[in-house]
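All of the numbers you see were taken from the coordinates with simple rules; none came from a lab. Because the structure is predicted, anything quoted here is derived from the model rather than measured. Counting neighbours? That spans all protein chains shown, and the Cβs are built from the backbone with ideal geometry, glycine included.
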Amino acid sequence: MIRPANLRLSHFFSSLPLLVGGLVAARLPALGEFFLSLFNVLPTLLLLLGGAFCLVYGRQREVFLLLALYVGYFLLDIQIDHFRDGGQVRDDAALVFHLVCLLLPLLYALYGCWEERSHLAQDMLARALVLLAIGAVAFGLARRYPQGIAEWLAQIHWPALHGAWMNLAQLAYLMFLLAFVALLAQYLRRPRPLHAAQLLGLCGLLWMLPQVFILANALQVMISMVMLMLVASVAHEAYQMAFRDELTGLPGRRALNERLQRLGRDYVIAMVDVDHFKKFNDTHGHDVGDQVLRLVASQLRKVGGGGKAYRYGGEEFTLLFPGRSLEQCLPHMETVRLAIEQYRMQLRDKQNRPRDDREGKPRRAGKGASEVSVTVSIGVAERKAEQRNPQEVIKEADKALYSAKAAGRNCIRSAGQRRGAVKLASGGE
């Protein structure tokens, strides 16, 4: 099984470089003409093209995150253009700025935590109505009481909590804090690249807003990067859905097929099957069966010799060794086979789970728990000159796998071995 810490860290890899790049670019005193033009149109392109891409995958949440970001960008960009052209801010600059600082994290967290649960059209309508309602209320109050709303937003409501470093209104920091807690809780509950991108994006917005009227390109650059992070996270998850097995975390059948198209002349393919898995599944239940598959996958992932493990389907896995010979690979496969055979998995009675840690310690020490172990059979084939493609090698490995099962299971058999030959590895049923 993939370790949670590594799994969660990998979720930030697609978003963190964009955030760092945005911070660096926004701090530059001047951008080249090309990049200046690019960042001026990039938010609009990301809203249109990125929104369309998200809709293709049924990601209404990201569409409205992009829309909320673009509305905030549009309102602030009007203020910045007026300031650059005339050297003075508009009369409503303070009011608009404080409203954006308050409502942007609110809408960002709201849409970030609002998962897709209903029909596409109904969900889109509900999200649009919420955006219109919040926007209408804010616009109505701002038109009716512009001075009062601006003063209330800028007011220091809790003097004891105010710091000299605060460049935004206190209420804005409170809203950012609530948004961060909500998005962090969502990420910890369900670690995903999208949820990681939302967290980093919120950090980018918190850095950007105080710099809007200070750094010339802070608004365009950071809004573009945050929107790009969200779109990239959708692409990241789409890739994972297509190429990675959700249960075991291993690359799936499609990833294997892609890799088989890029092999050289020399390689070894091994087919691995969990012994008596159906019987084990029927006896202990599907939940324990899933644990077994994760266990086998975690051991196969450690295979040495340049090998890589794939989930082929069901209880069957594939080991691929590019640029290796059969003799080079056999010791590494034997090491994996032994590791699986020697691993003991404890089964506990879910109906009688301990009520506290004191009661649970002796059970974890071995009392009240039964141990089970599993074994695997492995069939391996090396690419020969007469084999024209990897599929033929896989067929040979499959034949060797059937031979391993006929020879008593929990062993390794290579293509071409006679059925009555001695096993390559010790063990048995």
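So what is the relative contact order for the chain, in percent, with contacts set as C-alpha pairs under 8 Å and at least six apart? Please list the in-between numbers first.
Values: 564 pairs, mean separation 65.0, N = 429.
Relative contact order here is 15 percent.
Have a look at 217, 270, 167 and report the one farthest towards the positive end of the charge dipole of the chain, computed about the Cα centre with Cβ charges (Lys/Arg +1, Asp/Glu -1).
270
Name the residues whose placed amide hydrogens come within less than 5 Å of the amide hydrogen of residue 316, ignoring near sequence neighbours (fewer than 5 apart) on the same chain.
Under 5 Å from the amide H of residue 316: no residue qualifies.
Calculated from the structure, mean projected area of the Cα convex hull in nm² equals which of [x] 35.2; [y] 29.1; [z] 21.2?
So the structure-derived entry is [y].
Collect residues whose amide H, placed 1.01 Å from N in the peptide plane, falls under 5 Å from the amide H of residue 375; neighbours closer than 5 in sequence don't count.
275
Place a label point 7 angstrom from the Cα of residue 40 along the Cα-to-Cβ direction, then list the residues of segment 214-235 whose backbone nitrogen is under 14 Å away.
Answer for segment 214-235: 217, 220-221.
Radius of gyration and Dmax for segment 172-268's Cα atoms, expressed in Å?
Cα-based Rg and Dmax for segment 172-268 come out at 19.1, 61 Å.
Any idea how far apart residue 370 and residue 125 come out in nm if each label point goes 7 Å out from Cα toward Cβ?
5.4
Which order do the peptides 119-130, 49-60, 315-326 take when ranked by the mean count of other beta-carbon atoms within 10 Å per residue, highest first?
Details: 119-130: 13.2, 49-60: 16.2, 315-326: 19.3.
Highest-to-lowest ranking by the protection proxy: 315-326, 49-60, 119-130.
Using only the C-alpha atoms of segment 290-332, find the volume of their convex hull and express it per residue in Å³. Don't jump to the answer; show the numbers that get you there.
Values: hull volume 2.8 nm³, N = 43.
So the per-residue hull volume is 64 Å³.
Please grab the % of Cα pairs in segment 273-354 that end up more than 21 Å from each other.
Working: 1202 of 3321 pairs.
Considering segment 273-354, 36 percent of its Cα-Cα pairs are separated by more than 21 Å.
Expressed in nm to one decimal, what extension gain is obtained for the pair residue 165 and residue 287 from 0.36 nm per residue of sequence separation less their Cα-Cα distance? The partial results should precede the final answer.
Values: separation 122, 0.36 × 122 = 43.92 nm, distance 5.17 nm.
Roughly 38.7 nm would be gained on extension.
Name the shape class, rounded, prolate or oblate, that the alpha-carbon gyration tensor gives for segment 117-209, where a ≥ b ≥ c are the square roots of its eigenvalues, rounded holds for a/c under 1.5, and otherwise prolate holds if a/b is larger than b/c and oblate otherwise.
oblate
Report, in whole Å, the centroid distance computed from the Cα atoms of segment 183-257 and segment 302-320.
With segment 183-257 and segment 302-320 each reduced to a Cα centre, they are spaced 29 Å.
Alpha carbon centre of segment 62-110 versus segment 17-58: separation in Å?
17
With labels modelled as points extended 7 Å from the Cα through the Cβ direction, what inter-label distance (nm, one decimal) is found for residue 342 paired with residue 78?
In this crude label model, residue 342 to residue 78 measures out at 7.1 nm.
Please list the helices of the chain that count as membrane-span-like by this rule: a mean Kyte-Doolittle hydropathy of at least 1.0 together with Cα atoms stretching 27 Å or more along the helix axis, each helix being a complete DSSP H run. Could the numbers behind the result be given before it?
On the way: long enough: 60-86 (39 Å, 0.51); 93-113 (30 Å, 2.10); 120-144 (36 Å, 1.27); 170-189 (29 Å, 1.57); 218-243 (36 Å, 1.44).
Taking the DSSP H segments of the chain (at least 27 Å long, mean hydropathy at least 1.0), we get 93-113, 120-144, 170-189, 218-243.
In whole percent, what relative contact order does segment 149-256 give with Cα contacts below 8 Å and a gap of six or more residues? Walk me through the numbers on the way to the answer.
On the way: 70 pairs, mean separation 19.6, N = 108.
About 18 percent, as a whole number.
Whose amide H sits under 5 Å from the amide H of residue 59, counting only residues 5 or more places off or on another chain, with H placed in the peptide plane?
Distant-sequence amide H within range of residue 59: zero hits.
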